[in-house]
Amino acid sequence: MSEATAQAAARPRASTQHHLDVDMLDAYLQQHVEGYQGPPTLKPLTGGQSNPTFLLDAGGVRYVLRKRPAGNLLPSAHAVDREYRVMSALQGTDVPVPRMLCLCEDPEVLGTAFYVMSHVEGRVLWDARLPGFEPPERAAMYGEMNRVIAALHVITPAAVALSDYGRSGGYLERQIGRWTKQYMAAETEPLDAMHRLIEWLPRCVPASSGTSIVHGDFRLDNMIFHPTEPRVLAVLDWELSTLGDPLVDFAYHMLAWHMRAQDFRGMAGEDLEALGIPSADAYMRRYCERVGRAAIPQEAWEFYIVFNLFRLAAIFQGIAKRAQDGTAASADAVATGQRARATAELGWRLARSIAVA
């Protein structure tokens, strides 16, 4: 096993607490998935902090099942129906996604809503520094990620029947309000930096840069790369997708340049040139070229980074709350949830250093 393959295999295993009624599932899939031949065997897929995900093997064919967690959930979270809709809409575009096979919103089948999609064989990579690869390979893989997120942001929502997938205008204001509510609903202990950001962010919102389909969680580890080529075969985990400001989405993707590996899968402080990974400025310029956009104003960009650190801290806090309640999808939820404080403090330090017009 190569180091790169080992990296993919080393993802933390999902919790085994999610008991599924295999007979009910088998009967449902017999009726709703063309060519399906049961009975199925299921095992939790590794990694992931949100929606429990399972590898489903039936009749020699592999599928992936993704479901909403059980228990009391935060409002609008774990929207597997939205994941299913957006990936269905993106079939055949320049944004690679798995093939969607069925969506079940009847809780009588597995207790919560779920969908089934095709299984995509490839590499899932967790370390932004891409250990085990040569510099030209890293450069090609980052170039491919840049291509895919740019391809997403240039799609006209109406062209893929997603014009009603979210509201136009006021995206950042709504997002700040949403993640403030999510954080407050999940707070297990007060985080001073979060409360300061909750006050600061609404006062400093820059003008919108436009509206596009946004992924909401576009990271290296939410993509499947070809087994041997620097090519993305599928973008996963669309539950936070909506219509919104593409630069906010792109800034979230670029948090890897602002966070260290020990912070959360980042690469700040690394010798990127030696690794073959583009600098933040070079990566941003290439994105702007691909989407046909002028240079991004520095003050607005810094605000987007602060907002996304706030948002990521709120996500971590939600994971911490689910770990406390016993409904987290991943066995390492406690450790992940503990990152909320450091992430919020990083965001507040940056906020204090900038002035947004």
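The values are calculated or read from the model by the stated rules, or taken from the named source; none is laboratory data. Everything numeric in this text was worked out from a predicted model, so none of it was measured. Here the Cβ is made from the backbone with ideal geometry for all residues, glycine too, and neighbour counts use every protein chain on show.
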**Study point:** Enumeration of residues in the stretch 221-251 that are hydroxyl-bearing (S, T, Y) and outside any loop (DSSP other than H, G, I, E, B)
**Key:** T242
Review point. What number of residues within the stretch 92-106 satisfy the criterion of being of a type in the set (V, I, T) and crowded, with 20+ Cβ neighbours inside 10 Å?
Key: 2
Check your understanding: Is one or more of the residues making up the stretch 213-220 touching a residue at least 40 places away in the same chain (Cβ under 8 Å) and in a helix (DSSP H, G or I)?
Key -> yes
Check your understanding: When you look at E108, is it among the acidic types (D, E), more than 29 Å from V61 (Cα to Cα), out of contact with any Lys or Arg (no Cβ under 8 Å at 6 or more places or on another chain) and not in a loop (DSSP other than H, G, I, E, B), yes or no?
Key -> no
Study note, to complete from the structure: Counting only residues that are more than 27 Å from D245 (Cα to Cα) and touching a helix residue (DSSP H, G or I) at 6+ places or on another chain (Cβ under 9 Å), the stretch 128-153 contains a total of 8
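Every residue, every condition in (1) exposed (fewer than 14 other Cβ atoms within 10 Å of the Cβ); (2) touching a strand residue (DSSP E or B) at 6+ places or on another chain (Cβ under 7 Å), yes or no:
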| position | (1), (2) |
| --- | --- |
| A139 | no, no |
| I149 | no, no |
| G166 | no, yes |
| T180 | no, no |
| M194 | no, no |
| P202 | yes, no |
| V214 | no, yes |
| D237 | no, no |
**Study point:** Condition check for R123: without any contact (Cβ under 8 Å) to a residue 24 or more places away in the chain, within 18 Å of N222 (Cβ to Cβ) and not assigned by TED's automatic domain parsing to the domain that holds R219
**Key:** no
Point to revise | Only listed residue being assigned by TED's automatic domain parsing to the domain that holds A27 and within 30 Å of C288 (Cα to Cα), chosen from R129, R68, R85 | key: R85
**Study point:** Within the stretch 339-357, considering residues that are outside any helix (DSSP H, G or I) and at pLDDT 80 or above, the one farthest from R260 (Cα to Cα)
**Key:** I354
**Study point:** Listing of helices (runs of 4 or more DSSP H) fully contained in the stretch 255-295 that carry 2 or more residues being charged (D, E, K, R) and under 18 Å from H153 (Cβ atoms)
**Key:** 280-291
Study note, to complete from the structure: When (1) at pLDDT below 95; (2) not assigned by TED's automatic domain parsing to the domain that holds A280 are applied to G170, the one that fails is (2)
**Study point:** Matching residues in the stretch 160-187 - criterion: being acidic (D, E) and in contact with a helix residue (DSSP H, G or I) (Cβ under 8 Å, 6 or more places away or on another chain)
**Key:** E173, E187
**Study point:** Test: residue in the stretch 250-269 that is closer than 20 Å to I319 by Cβ, out of contact with any Gly (no Cβ under 7 Å at 6 or more places or on another chain), at pLDDT below 95 and of a type in the set (G, A, S)
**Key:** yes
Check your understanding: What's the number of the condition A139 fails, among (1) assigned by TED's automatic domain parsing to the domain that holds H19; (2) in contact with a Gly (Cβ under 9 Å, 6 or more places away or on another chain); (3) not β-branched (V, I, T)?
Key -> (1)
Revision key, fill the gap. Note on T327: of the conditions (1) over 14 Å from T188 (Cα atoms); (2) at pLDDT 90 or above; (3) surrounded by fewer than 23 Cβ atoms within 10 Å (Cβ to Cβ), unmet is (2)
Check your understanding: For residues in the stretch 138-174 being outside any helix (DSSP H, G or I) and of a type in the set (V, I, T), which is farthest from E270 (Cα to Cα)?
Key -> T156
Review point. If you scan the stretch 230-288, which residues turn out to be among the charged types (D, E, K, R), free of Cβ contacts under 8 Å to residues at least 60 places away in the same chain and under 13 Å from A150 (Cα atoms)?
Key: R285
